[in-house]
Amino acid sequence: MPNPGPGRARPRNRGPDRLFYPERHSNPRPRTPVSIPFRTVLVTGASAGIGAACARAFAGVGARLVLAARRTDRLEGLASELRDAHGTEAHLLALDVRDAEAVAGTLAGLPPEWAEIDVLVNNAGLGRGLEKVQEGNVADWDEMVDTNVKGLLYVTRALVPGMVARGRGHVIDIGSVAGHEVYPGGAVYCATKHAVGAITKGLRMDLLGTGVRVSTVDPGMVETEFSVVRFRGDHARADRVYAGMTPLVADDIADAVLWCATRPPHVNIDEIIVKPTDQASATLVARR
Ligand SMILES: NC(=O)c1ccc[n+]([C@@H]2O[C@H](COP(=O)([O-])OP(=O)(O)OC[C@H]3O[C@@H](n4cnc5c(N)ncnc54)[C@H](OP(=O)(O)O)[C@@H]3O)[C@@H](O)[C@H]2O)c1
């Protein structure tokens, strides 16, 4: 490893890290070193939106990918794109994160060459409807809680023990501004994302001293299939969510996720909130 320079402690290198220290001699203010402390990255909900963008971002820096979702045709298309673009190796998992047994069995059954997950991106999630609680649909509540909260826990439970045993790893949860605020009609979705925030914070405490990092990246409005799913295929209603404003795109969130993952191993990014410039809060949006 190159010398980190005068007055700077060498970060502990726990694993297959490749640390790149920029040339210091010509730069009076050394930049933070960029680190790629991972080889294999697992992304849930990789078949669309932010998950697919994260897969592309990690593939771009040479990671091998385990891609999980229910729509495996989408995963196959993405894997083929990344193989052509970067020579990326990918292992695909047909997985419904709501199914506790399937999650435990599938992840315990990863082939040995895919079993060591360095980064877990807990991204699979959804919103359903915008009904008031007193008019709400119980099946929608169950789906949001089972996916966004329980599914995230099942995947985390299955993969974190391996990270602890190896003394390194990184869990990056995709939360939301809905984990910081509540908006009308969003009580249950916001509750699930508040829960993601609590789980992320608690997990960081539970993993203290293990070398495993825990982060959350919390987006504001991102134009993906999210609103089409929320409004059950009503594209016109989904389009109105982003009318007259410039939303984020999935790559904007993937950039933040990759940035968290590429800090040196002694740096833990706890939380990043990313909103469009046209959005000041969950409900305050500039439209032209
Ligand atoms: N878009 C936004 O404005 C926004 C803002 C804040 C936070 N988020 C969060 O960002 C994450 C990704 O959302 P997105 O915007 O990228 O939405 P998206 O385009 O609809 O993608 C959602 C992904 O989650 C997967 N998924 C949903 N239910 C699943 C299940 N039961 N098992 C496995 N995978 C499942 C879907 O895959 P399959 O259907 O193929 O299984 C899909 O790949 C979610 O957690 C969402 O809450 C989004």
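The values are calculated or read from the model by the stated rules, or taken from the named source; none is laboratory data. Everything numeric here is computed off the predicted structure, so don't read it as measured data. Virtual Cβ from ideal backbone geometry, glycine too; neighbours counted across all protein chains shown.
Results for (1) closer than 24 Å to Y154 by Cβ; (2) in contact with a Leu (Cβ under 6 Å, 6 or more places away or on another chain); (3) modelled with pLDDT of 95 or more; (4) within 14 Å of the ligand (Cβ to nearest atom), shown as yes or no for each residue.
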| site | (1), (2), (3), (4) |
| --- | --- |
| I36 | no, no, no, no |
| A85 | no, no, yes, no |
| A90 | yes, yes, yes, no |
| D96 | yes, no, yes, yes |
| D99 | yes, no, yes, yes |
- Any idea which of V164, V145, V155 is touching a residue at least 12 places away in the same chain (Cβ under 8 Å) and over 19 Å from the mean Cα position of the chain (by Cα)? V164
- Please verify whether the stretch 99-110 includes one or more residues that are in contact (Cβ under 8 Å) with a residue 40 or more places away in the chain, crowded, with 21+ Cβ neighbours inside 10 Å and either in contact with a Pro (Cβ under 6 Å, 6 or more places away or on another chain) or closer than 30 Å to I36 by Cβ (or both). yes
- Item | Residue in the stretch 261-275 that is modelled with pLDDT of 95 or more, assigned to a helix (DSSP H, G or I) and in contact with a strand residue (DSSP E or B) (Cβ under 9 Å, 6 or more places away or on another chain) present | yes
- Item | Criterion: within 15 Å of the ligand (Cβ to nearest atom) and either surrounded by fewer than 16 Cβ atoms within 10 Å (Cβ to Cβ) or within 18 Å of G169 (Cβ to Cβ) (or both) - qualifying residue of R64, R71 | R71
- Using the structure shown, decide if V217 is buried (at least 21 other Cβ atoms within 10 Å of the Cβ) and touching a strand residue (DSSP E or B) at 6+ places or on another chain (Cβ under 6 Å). yes
- Note on the structure: Just one listed residue, out of G185, G197, is on the phi > 0 side of the Ramachandran plot and either within 13 Å of the ligand (Cβ to nearest atom) or not in a strand (DSSP E or B) (or both), and it is G185
- Task: Select from the stretch 233-278 the residues that are small (G, A, S) and surrounded by 14 or more Cβ atoms within 10 Å (Cβ to Cβ) and write down the one among them that is farthest from the chain's Cα centre (by Cα).
- Result: A238
- Message: Condition first: within 26 Å of V267 (Cβ to Cβ) and of a type in the set (V, I, T). Can you find one or more residues in the stretch 118-140 that meet it?
- Response: yes
- Note on the structure: Taking the stretch 131-141 and keeping residues crowded, with 16+ Cβ neighbours inside 10 Å and more than 16 Å from R98 (Cα to Cα) leaves G136
- Message: Would you confirm whether or not the stretch 123-145 contains a residue that is touching a Ser or Thr at 6+ places or on another chain (Cβ under 7 Å) and assigned to a helix (DSSP H, G or I)?
- Response: yes
- Task: Might you check whether a residue that is of a type in the set (S, T, Y) and either touching a His at 6+ places or on another chain (Cβ under 9 Å) or within 11 Å of the ligand (Cβ to nearest atom) (or both) occurs anywhere in the stretch 141-156?
- Result: yes
- If we ask which residues in the stretch 157-175 are at negative phi and not in a helix (DSSP H, G or I), their number turns out to be 7
- Task: With the condition kept exactly as written, say whether any residue in the stretch 218-229 is at pLDDT 95 or above, outside any helix (DSSP H, G or I) and in contact with a Ser or Thr (Cβ under 7 Å, 6 or more places away or on another chain).
- Result: yes
- Task: Within the stretch 208-228, track down each residue that is of a type in the set (S, T, Y) and more than 6 Å from the ligand (Cβ to nearest atom).
- Result: T210, S215, T216, S227
- Query: Given the conditions (1) of a type in the set (G, A, S); (2) free of Cβ contacts under 8 Å to residues at least 24 places away in the same chain; (3) surrounded by fewer than 16 Cβ atoms within 10 Å (Cβ to Cβ), which single one is not true for S281?
  - Reply: (2)
